[in-house]
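Here the structure is laid out as structure tokens; the discussion comes afterwards.
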Amino acid sequence: MQPASPAALNLAQRLRQLRQLWPQARLTQDKIAAAFSEEESLAAATVSSWESLKSPKLPPPHRLQAYARFFATQRSVAGQPRLLPLDQLTPDETRAYQALEAELMALRSSASRGTPEAEPTFSRSWYFPDTGPITFVCAQLPEDVRGQFGDPADLNYTELQTYADIDALIELHGHIRAENPSATVHWRTPPSVKPDDLSGHLILLGGVVWNEITGRLTEMAKLPVMQVDKELGSGEIFVAEVDGEQREFWPQLQVHKGKKELMQDVGLLARVPNPLNASRTLTICNGIHSRGVYGAVRTLTDAALRESNERYISTTFGDASSFAILMSVQVIKNEAATPDFNSPGVVLFQWPRGD
């Protein structure tokens, strides 16, 4: 067994130190596990593995957020130890939470990368520290292409059978919930959206034809990328201004045994302030076809590539509150491969240019 890295030991020691912060509370690993289990089950043995000074395991980010929230206020141990919701913290406690969370995340980053000093820091795009409500707005399938169970009259009616881009929704919803365990998360189709749904953090999945809200908010946000109908027959292509000229971005298709096959799609990932509430964000994950949407989502959820893609975003756009990336999404055996922004030819267009 390889010895633990100094960085991993630093994190383990810090977690042990936090548990001993209030001696009068006599916080054991069992009590920490019980308090955190109010939101998501946690075993004391897992807490022990995080504190191990021989071979410590790295806690996932949302557990470190829980540590920061718990130890930001001594009210956590006033009575039975418990996790207070972020919106119940005082301004001073919120500042303590933010500082502790930043410290623990930096320690974890050091432990996971080994030599963090040689690499730039990067953001976590799907973490929303204000715990504001998060709403997905997903394209809805037209009635003529829904399956049997998408018909409300069917005894086995399932609402999600009416949603387009279900793969992207399920992939991203799980990641959002893990990153923001205290946040309220909803999903909607355009017909069911209410005005209040549009004032929080918004995530739009799918193109402008089946999701008119994507088209409307793209216009309001003044994004430099549009989708237009060019008689492709299976989706709308992207258009962006490049060096003063309108450039079109098309998918790559081939005909095999008389049927069209998608070889490469185009995806869009865009983040801007929400035009309906500038203190919240609007994120668009879009594509010409569904696999372009899924590819755009996977850039920041795929465990193998999300950190390098986050680093690309941080390095390229810095602290900019708005950015957009058009990317190629390779389709292999009918599955979308996760785009790597650092690979040549993957980023087709970006805004701001960053060059």
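Mind listing whichever residues of the range 251-270 are among the hydrophobic types (A, V, I, L, M, F, W, C) and closer than 23 Å to L217 by Cα?
V266, L268, L269, A270
Do we find that T301 is in a helix (DSSP H, G or I), assigned by TED's automatic domain parsing to the domain that holds A139 and of a type outside the set (G, A, S) in this structure? For T301, the condition - in a helix (DSSP H, G or I), assigned by TED's automatic domain parsing to the domain that holds A139 and of a type outside the set (G, A, S) - is not met. None of V297, V266, V293 is over 20 Å from L232 (Cα atoms), surrounded by 21 or more Cβ atoms within 10 Å (Cβ to Cβ) and in contact (Cβ under 8 Å) with a residue 24 or more places away in the chain except V297. Taking the numbered list (1) farther than 20 Å from I176 by Cα; (2) hydroxyl-bearing (S, T, Y); (3) modelled with pLDDT of 90 or more in turn, T283 passes all entries but (1).
For the range 18-59, filtering for residues that are closer than 17 Å to S76 by Cα, outside any helix (DSSP H, G or I) and over 27 Å from the mean Cα position of the chain (by Cα) leaves 6. Considering only residues in the range 168-194 that are charged (D, E, K, R) and surrounded by 15 or more Cβ atoms within 10 Å (Cβ to Cβ), the one that is nearest to A336 (Cα to Cα) turns out to be E171. Which members of the range 203-247 meet the condition of being polar (S, T, N, Q) and touching a residue at least 12 places away in the same chain (Cβ under 8 Å)? Within the range 203-247, N211, T214, T218, Q227, S234 qualify. Can you confirm whether T162 is at pLDDT below 85 and buried (at least 17 other Cβ atoms within 10 Å of the Cβ)? In short, yes. Select, from T90, T94, the only residue that is loosely packed, with under 12 Cβ neighbours inside 10 Å, outside the structural domain of E310 (by TED's automatic domain parsing), at pLDDT 85 or above and among the hydroxyl-bearing types (S, T, Y). The unique qualifying residue is T90. Scanning the range 222-250 for residues that are in a loop (DSSP other than H, G, I, E, B) and under 18 Å from T283 (Cβ atoms) gives K222, L223, P224.
What do you reckon, is L282 in contact with a strand residue (DSSP E or B) (Cβ under 7 Å, 6 or more places away or on another chain), buried (at least 21 other Cβ atoms within 10 Å of the Cβ), over 21 Å from E241 (Cα atoms) and aliphatic (A, V, I, L, M)?
yes
One residue stands out among those in the range 195-248 that are polar (S, T, N, Q) and under 21 Å from the mean Cα position of the chain (by Cα): the one that is farthest from A139 (Cα to Cα), which is S199. Taking the range 63-79 as the range and being touching a residue at least 24 places away in the same chain (Cβ under 8 Å) and surrounded by fewer than 17 Cβ atoms within 10 Å (Cβ to Cβ) as the test, only Q74 passes.
To keep it simple, each residue is scored yes or no on (1) within 26 Å of G206 (Cα to Cα); (2) of a type outside the set (D, E, K, R); (3) free of Cβ contacts under 8 Å to residues at least 60 places away in the same chain.
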position	(1), (2), (3)
A102	no, yes, yes
I134	yes, yes, no
C138	yes, yes, no
I166	yes, yes, yes
A183	yes, yes, yes
W187	yes, yes, yes
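If you check S48 against the conditions, is it at pLDDT 90 or above and in contact with a helix residue (DSSP H, G or I) (Cβ under 7 Å, 6 or more places away or on another chain)? So S48 passes the test. The residues on offer are V331, V293, V272, and the sole one that is closer than 28 Å to D243 by Cα, in the same structural domain as H256 (by TED's automatic domain parsing) and part of a strand (DSSP E or B) is V272. Counting the residues of the range 310-328 that are outside any helix (DSSP H, G or I) and at negative phi gives 10. As a summary of the residue check, D144 satisfies the conditions (1) loosely packed, with under 14 Cβ neighbours inside 10 Å; (2) in contact with a helix residue (DSSP H, G or I) (Cβ under 9 Å, 6 or more places away or on another chain); (3) assigned to a helix (DSSP H, G or I) except for the one numbered (2).
Here R14 qualifies as of a type in the set (K, R), touching a helix residue (DSSP H, G or I) at 6+ places or on another chain (Cβ under 8 Å), under 17 Å from S110 (Cα atoms) and touching a residue at least 12 places away in the same chain (Cβ under 8 Å).
The values are calculated or read from the model by the stated rules, or taken from the named source; none is laboratory data. Source: prediction; values computed, not measured. Quick reminder, even Gly has a Cβ in these numbers, built from the backbone with ideal geometry, and neighbours come from all protein chains shown.
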